[in-house]
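Quick notes on the structure that follows.
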Amino acid sequence: MSLYTAILPLPVAVPLLFAALEIIAGLSRRSRIIQLQKVLSLVALVINLVVALLILSFTLTGERIVFQMGLWPAPFGITVYADALTGIMLVVVALLALLLLPYATASLDSSRERLGYYPMALLLLMGANGAFITGDLFNLYVFYEVLLMSSFVLLALGGTPSQINGAIRYVVLNLMGSIMLLLAAGITYGTIGTLNMAQISERMVDAPYGLQALIAGLLFVAFAGKAAVFPLFFWLPSSYHTPHPAVTALFSGVLTKVGMYSLFRTFPLFFPDVLVAWQPFIMTMAALTMFVGVLGAFAQPTIRRLLSFHIISQIGYMLMGLGVALTPGPYGAGFGLAMAILFLVHNQLVKTALLAGGGQIELEMGTGKLSELGGLVTARPVLAVIFFAAAFSLAGFPPTSGFVGKLGLLQVTFSTGQYLVAGISVVVSLLTTMSMIRLWQYLFWGKQNPQLKPRPNLARPATRNLMLLPAAVLVALSLLIGIFAEPAMSVVQTAASQAIDRAGYIEAVNPQPAPTPAPAVAQEVTP
C-alpha cells in the first residue's frame, strides 16, 4: 500500500476525529473549552489541507488513487477514489475552511461558539470531503445527509425567528433532493445489481435506455436541487442571508459546489449517451438559471440576499459547461467540462470573498440594508479595493479567474453551435457587471450614514485584519489564476480528461465480477 493510498481516507477521518474531540471537550462547559476547540480546529484544518495537497499533487500526474475499505475488493466493500477532479475540490474546500477559521474566531459571539460552531463546521467539511472521495452511490447519499445535518445546525445557531424559518425551508427542500438520491440508489441496486460507481458505469451501458433515463432523471433532480439549479433554487435565497456571515461564506464555497461536483462526476461516468441526448434540456436549464438568478439579484435590498441570487446565476455557467462536456469540437471532448471545473473553482474563491467582505460590513455597521449604507470607501479603503476586485472577477473582467472561465465557456459553446446559450451568458455577464457596480456604489460611494456607528468590538485593527484575511487571499488567488491562465488550464484539463475516461475509472477500481453459478450438465441416463 502506497503513501497516497493510505492517506486517502484522511479527509473524512481527520475532521470526524477532531469534531468528536471538540464535542466531548464541550461537554465540560469550562470557559477555556472554546479556545481548545479553536486550536483543535486549526490543527485539523491544517492537516486536512496538507493531505488534500498531497492527493492533488499525485493525481495531477494522471494517476488515480483507490482504497478499498476493510480490504474488501470492489464491489463487495466500500471504495474510496480520487483523481484530479477530486484533488481540486479537496484542496479548494480545505483552503476555504482554513481561511474562514480566523474570520469566525474574530466575529462569532460566545453563544454561537458554545453551541458548537467549530465541531459543526468540521462535520460539514467531513461531509463535503466524503462526497468528493466516495466511489459508492449509497455512501454519496450518506455524506449528503452529513452535510444536511451539520448545515442545518449551523443555519439555526443563534435561534432568531428568521434563522429558524430559513433553516426549516432549507432542510425541507433539501430532504426532497435526498429522497430522490436515495430512490435513485434503490432503483440502481434493484436493476443494475450494484452501488459501486465503477460497476454501475460498467453495467449501465447495457441497461435499457428507459432505465438509464429514469435513474439519470432522479440523480439530476437530486444534484440540481443541491446545486440550486432553476427551478430548484428557492431554498438558497430564503436561507443564506439568515445565519452568521461566517456560516454564509462557508456555505457559498461548499454546499452548492458539492451538488455541481456530483453532476460532473456521475453523468459522464454513468450516462454518457444520456448526457449527449439531453444537451438541449441541460442548456435550457443553464440559461434559465443564469438569467433568473441575475434578475433576482436586482430586486434584493440587502447585501447577502443580493449575493445569494448571484450564486444561483453563476451555477448556470457551470451547468452550461456540463451540457457540452462530451460534445466533439475543435478543442476536443472534455474541454467544456474543463472550463466548467475552472469556473466552479473561480466561483468558490470569488463568491466566498464577496460574502466574507459583505458580511464584515454587515457585522461592523449593524445592518446589511443597502439603503442604509454608503461612504465606506474613506473609512475602509482596503476593503473597498478587495471588494471591487472580487466584484469584477465575478462579472468576468480581466485579468481575473472570472475572465478566463467565461472566455473558455464562450469558446466551447460557440464552437459547438450553442449560440443562443452563449449569447444569454454574455447578456447575463453584462447584467452581473451592472449589479456589482450598483452594489459597490451602495456600500462604498456617497456619504456615510451618520446614524450608523461601527461596533467597537469589530472595529479594532486586529479584528478587522483577521476578517479581511480570507477575502484578500481569495482575491489574490483569483488574480493569479487570471494571470497564469495556462497552468490553471492544464490542471483542469487533466481533471476533465480523467472525469470523462470511464474505462480508466473502471480499470483503476477493478470491480470483481459477481460469481455466476456453474451451468447444469446433463447426464446420460442408461436404461
query = Cα convex hull of segment 63-202: how many Å³ per residue?
reply = 119
query = At a Förster radius of 25 Å, what calculated FRET efficiency corresponds to the Cβ-Cβ distance of Ser57 and Glu145, to the nearest 0.05?
reply = 0.20
Rounded percent of accessible protein surface that carbon and sulfur make up, the chain, 1.4 Å probe = 69
Alpha-carbon centroid distance for the pair segment 431-475 / segment 324-381, whole angstrom = 15
ask   = Based on the mean of other beta carbon atoms within 10 Å per residue, what is the order of 207-215, 154-162, 135-143, most packed first?
value = 135-143, 154-162, 207-215
ask   = What are the ³J(HN,Hα) values, in whole Hz, obtained from phi via the Karplus relation 6.51 cos²θ - 1.76 cosθ + 1.60 with θ = phi - 60°, for each residue of segment 176-183 in sequence order, with x given for Gly and Pro?
value = 4, x, 5, 5, 4, 5, 5, 5
HN-Hα J in Hz across segment 81-86 - Karplus 6.51, -1.76, 1.60, θ = phi - 60°, x for Gly and Pro = 9, 8, 10, 5, 4, 4
query = What size of dipole, in debye to the nearest 20, comes out for the chain about its Cα centre when the only charges are +1 on Lys and Arg C-beta atoms and -1 on Asp and Glu C-beta atoms?
reply = 2060
ask   = Per the helix-only calculation at 222 nm, which mean residue ellipticity applies to the chain, given -39500 (n - 2.57) for every DSSP H run of n ≥ 4 and division by its residues, nearest 500 deg cm²/dmol?
value = -25000 deg cm²/dmol
note = Expressed to two decimals, segment 390-498 has a Cα Rg over Rh, using the Kirkwood radius, of 1.11
remark   = Taking N as the number of residues in segment 191-340, the ratio of its alpha carbon radius of gyration to 2.2 N^0.38 Å works out to 1.12
query = Ranked by accessible surface with a 1.4 Å probe, highest first, in what order do Phe343, Phe230 come?
reply = Phe230, Phe343
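Can you give the extra length, in nm with one decimal, that the chain gains between Phe298 and Ile23 once fully stretched, where that is 0.36 nm per residue apart less the Cα-Cα distance?
That pair, Phe298 and Ile23, stretches by 94.8 nm at full extension.
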task = Send over a whole-number figure in Å² for the accessible area per residue of the chain, probe 1.4 Å.
result = 38
inquiry  = As a test of understanding, state the convex hull volume per residue of segment 328-392 from its alpha carbons, in Å³.
reply    = 105
message = Quick one: 3J(HN,Hα) in Hz for segment 384-389, Karplus 6.51/-1.76/1.60 with θ = phi - 60°, rounded, Gly and Pro as x.
response = 4, 5, 4, 5, 4, 5
note = Nearest-0.05 FRET efficiency for Leu420 and Met176 at R0 = 25 Å, using Cβ-Cβ distance, is 0.25
task = Write down the Å³ per residue value for the convex hull defined by the alpha carbon atoms of the chain.
result = 162
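The values are calculated or read from the model by the stated rules, or taken from the named source; none is laboratory data. Nothing here was measured: the structure is a model prediction, and the numbers come from that model. Every residue, glycine among them, receives a Cβ derived from its backbone with ideal geometry; neighbour counts consider all protein chains shown. For the accessible areas, the whole protein counts, side chains as well, though only heavy atoms, and no ligand, DNA or RNA atoms are used. Shrake-Rupley method; radii C 1.70, N 1.55, O 1.52, S 1.80 Å.
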